[in-house]
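Inspection log for the structure reproduced underneath, given as structure tokens.
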Amino acid sequence: MFVFPVNFKLIMERFPMTTNLTNRGVAPGKKAFKKIYVAVLMFFVGRALAAASKVDSGMKKELAELPDQFSFKLQVLPAGPSLTVGKNEQSRFKHYVRSIPEDKIDVRIMIKHLDAAFLLFTFQESTARSFASDRMIVKGDLTQAISVVRCLNIVEVYLLPKFIARLAVKRYPDWPFFRKVWRRSLIYTRTVLGV
Amino acid sequence: MSSYHEFFCPVKILCGEKALEHIPIELNMLAANRPLIITDPGVRAAGLIDHVLNAFRESNITIGSIFDQTPQDSSLQIIKQVAGIYSATNCNAIIAIGGGSALDTAKGVNILVSEKADDLMKLAGAGILKRALKPFIAIPTTAGTGSEVTSVAVIADPDQNRKIPFVSHFLLPNVAVLDARMTLSLPSQMTAATAMDALTHAVEAYTCLGKNPLSDAYSFAAIKMISGNLFNVLQKPNDKSGRLALATAATYAGISFSNSMVGMVHALGHSVGALCHVPHGAAMSILLPYVLEYNLAKGNKDYQTYVGELLLALAGSEKYAKIPPEQRAAESVVFITEMKNELFRQTGLPRTLKETGKVLQEIIPEIAKISVGDPSSIYNPVEVDYEDALTVLNRAYEIQ
């Protein structure tokens with residue numbers, strides 16, 4: 001069998017761009033807008049969870065079933081925005097702006113990539129649909145994870161107008177006027193002010 | 001079609017005549033030569049384990065030990081005990097022979113021995129395992145749970161009276177062996193219950209939020225095989241071909257729901273099983289038509305279409321063509337209800353929670369409360385809260 005001799009040195013001199021590609025890897029690019037959007041929404045969802053846990057009866061009921069010092073983290077893999085929330089001594093949610101030690105986190109809901117998180121936070125996919133489509137990995141007690149999802153649904157109903165919230169949750173609840181309007185106002189105020 | 005889905009089933013399936021005799025070569029290919037056999041007293045008493053032991057004749061495999069005391073509900077304590085036996089007898093593989101309980105026990109044991117842990121609860125949940133487990137071969141003796149192809153193990157915690165799910169791709173067996181000899185002696189009521197369990201898996205997988213074309217294909221095939229063979233097998237229990245068809249259907253249903261999940265029937269059924277110790281298959285059979293009715297009443301048009309399509313697999317093309325499209329979903333529910341009634345007549349399989357003799361009406365609120373926290377509920381196409389669960393359970397309590 002005849003083998004053509006290949007002068008690699010000549011190729012590298014004649015085609016410097018090619019050698020750059022073969023010698024160097026391709027660094028991952030950025031998706032700055034999506035990252036910032038998801039980060040901002042996660043921040044306000046965290047605050048809203050804390051706010052809603054102070055005023056909403058449904059949220060209080062969910063918290064009562066969760067263990068003391070329970071905490072969960074919703075994060076975008078591999079190193080995207082994240083949201084960490086814990087249950088405090090008063091049985092309310094507390095939003096941790098900085099992450100807490102990993103061994104203190106009971107449930108981790110990890111969204112597999114930034115675009116999946118963007119679909120979720122632009123309400124093109126509901127939380128349940130996102131779960132069912134394997135866009136998330138859950139580590140920890142699944143029953144507690146389901147409780148977290150129900151809390152997120154409550155917050156979405158409060159924060160979003162009905163026509164958007166309907167996309168985010170499986171069933172838009174039929175809440176009495178007081179719960180819808182008064183508590184929504186309280187939650188909005190607390191979310192914006194962070195109290 | 002779902003906007004995105006994943007499908008994963010790396011289990012090698014050995015199916016048909018003399019399938020058991022292929023186990024030694026499979027162990028060789030997994031670099032294992034000393035398996036621990038995990039089974040239950042019923043399998044031992046039925047002589048099924050002898051088929052497996054005979055399959056090792058003229059092989060280079062030594063059975064390390066046989067544990068045949070797996071209870072009806074796999075539990076943390078039993079798993080710890082069996083893991084100790086695995087280590088003490090220097091085993092390097094696990095063979096599970098039995099129904100869902102034996103298979104789930106084996107999965108739990110595999111977690112402990114592979115992770116070298118002694119507290120299974122620390123590894124509970126989804127996505128906790130990070131690496132492959134020891135070689136594991138599953139030989140189902142019921143045509144029901146599909147546990148031989150699922151990445152889930154459900155283990156009872158008797159102290160807290162609840163069932164704990166373990167979810168990981170690493171729990172999947174390396175090999176599943178379907179041999180008609182292993183289900184030939186299955187009593188008629190258990191044949192019926194396990195077949196209805198498989199039917200429920202297939203129906204829920206076809207209609208829940210995680211459905212996708214691949215899981216649909218497996219579901220459809222499973223439903224067709226069950227409806228085409230179940231009553232024949234009940235009439236002729238020694239029909240090997242029919243038994244193999246039911247076993248294959250159960251495996252297909254397992255592949256389907258493992259890649260698309262289940263819904264409200266399982267959310268309620270797990271709680272009924274945990275609190276009242278109703279066998280899983282019986283609970284599925286009882287709850288399936290009531291949940292379908294409930295979901296149809298509250299669900300969207302897509303759900304109605306999916307349930308309607310099931311009629312083709314359930315009743316055949318002639319009946320399907322005769323029923324107008326808008327009536328097919330309701331007819332599917334009627335067909336399943338009639339199946340239930342016929343199974344009750346032939347085998348005594350309970351049709352309602354009351355007929356099980358194990359469920360008191362007073363405990364239904366407690367069942368509803370626990371079922372809302374079941375992970376399966378998130379995949380149900382219709383939201384499930386306490387009131388919804390209570391409604392369905394009350395409907396399923398006795399014949400209205």
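The values are calculated or read from the model by the stated rules, or taken from the named source; none is laboratory data. The shown structure was predicted, so the numbers you read here are calculated from the model rather than taken from an experiment. With ideal geometry, Cβ positions are generated from the backbone for all residues, glycine too; neighbour counts draw on all protein chains shown. For the accessible areas, the whole protein counts, side chains as well, though only heavy atoms, and no ligand, DNA or RNA atoms are used. Shrake-Rupley method; radii C 1.70, N 1.55, O 1.52, S 1.80 Å.
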query = For the stretch B:78-179, rounded, prolate or oblate, judged on the Cα gyration tensor with a ≥ b ≥ c (square roots of eigenvalues), a/c < 1.5 rounded, else prolate if a/b > b/c?
reply = rounded
message = Using Cα springs under 10 Å in a Gaussian network model of chain B, which residue among B:Ser75, B:Ser87, B:Ser377 shows the largest mean-square fluctuation?
response = B:Ser87
query = Whole-Hz Karplus ³J(HN,Hα) for the stretch B:276-284, in order, using 6.51 cos²θ - 1.76 cosθ + 1.60 and θ = phi - 60°, x for Gly and Pro?
reply = 10, 6, 7, x, 4, x, 5, 4, 4
task = Given the options B:Ile139, B:Ile94, B:Ile364, state which has the largest fluctuation in a GNM of chain B using a 10 Å cut-off (strictly under) for Cα springs.
result = B:Ile364
task = Under 1.5 on a/c is rounded, so check that first for the protein assembly as shown, then, if it is not, pick prolate when a/b is larger than b/c and oblate when it is not; a ≥ b ≥ c are the square roots of the alpha carbon gyration tensor eigenvalues.
result = oblate
task = Could you tell me how many degrees, from 0 to 90 and to the nearest 10, lie between the Cα long axis of helix B:76-88 and the main elongation axis, the longest principal axis, of the Cα atoms of chain B?
result = 30
query = Using helices alone, what [θ] at 222 nm do you get for the protein assembly as shown, with -39,500 (n - 2.57) per DSSP H run of 4 or more residues, divided over all residues and rounded to the nearest 500?
reply = -16000 deg cm²/dmol
note = In terms of the alpha carbon gyration tensor, root eigenvalues a ≥ b ≥ c, rounded if a/c is under 1.5 and otherwise prolate when a/b exceeds b/c or oblate, the stretch B:199-305 is oblate
ask   = Between chains A and B, what is the buried accessible area summed over both chains (1.4 Å probe, protein heavy atoms, nearest 100 Å²)?
value = 2200
key: Relative contact order of the stretch B:156-295, defined on C-alpha pairs under 8 angstrom at six or more residues apart (%)   = 32
ask   = If you plug each phi of the stretch B:136-151 into the Karplus form 6.51 cos²θ - 1.76 cosθ + 1.60 with θ = phi - 60°, what whole-Hz ³J(HN,Hα) values come out, in order, with x for Gly and Pro?
value = 9, 10, 10, 10, x, 10, 10, 10, x, 6, x, 4, 5, 10, 10, 9
query = To the nearest 0.05, how large is the calculated FRET efficiency for A:Ala27 and A:Tyr188 if R₀ is 41 Å and r is the Cβ-Cβ distance?
reply = 0.50
message = In the stretch B:355-384, whose amide N lies under 11 Å from the spot 7 Å out along Cα-to-Cβ of B:Glu398? List them in ranges.
response = B:355, B:361
key: Two-site FRET efficiency, B:Gln81 against B:Leu53, from Cβ-Cβ distance with R₀ of 25 Å, rounded to 0.05   = 0.65
inquiry  = Nothing charged except the Cβ atoms of Lys and Arg (+1) and of Asp and Glu (-1): what's the magnitude of the dipole of the protein assembly as shown about its Cα centre? Round to the nearest 20 debye.
reply    = 2200
message = Cα atoms only: what Rg and Dmax, in Å, come out for the stretch B:174-229?
response = 12.9, 37
Partner lysines for A:Lys34 [C-alpha distance under 20 Å; skip if fewer than 8 residues away on the same chain] = A:Lys73, A:Lys112
request  = Quickly work out the A:Gln90-to-B:Phe8 label distance, labels modelled 7 Å from Cα along the C-beta direction, and quote it in nm with one decimal.
outcome  = 4.2
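Solvent-accessible area per residue for the stretch A:22-130 at a 1.4 Å probe radius, Å²?
Accessible surface, normalised per residue, equals 53 Å².
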inquiry  = Using a 10 angstrom Cβ neighbour count of at most 12 plus a DSSP loop assignment to flag exposed trypsin sites (Lys or Arg not before Pro), which longest range of chain B is free of such sites?
reply    = B:132-400
Within the stretch B:1-41, backbone nitrogen closer than 16 Å to the virtual label 7 Å beyond the Cα of B:Asp302 toward Cβ = B:1-6
request  = Mark the label point 7 Å from the Cα of B:Gln361 along Cα→Cβ and return the residues of the stretch B:271-287 whose backbone N is within less than 16 Å of it.
outcome  = none
ask   = Which distance in nm do the two modelled labels at B:Ser188 and B:Ser241 give, with both placed 7 Å along the Cα-to-Cβ direction?
value = 2.3
request  = May I ask you to compute the full-extension gain from B:Arg345 to B:Gln69, defined as 0.36 nm times their residue separation minus their alpha-carbon distance, rounded to one decimal in nm?
outcome  = 96.1 nm
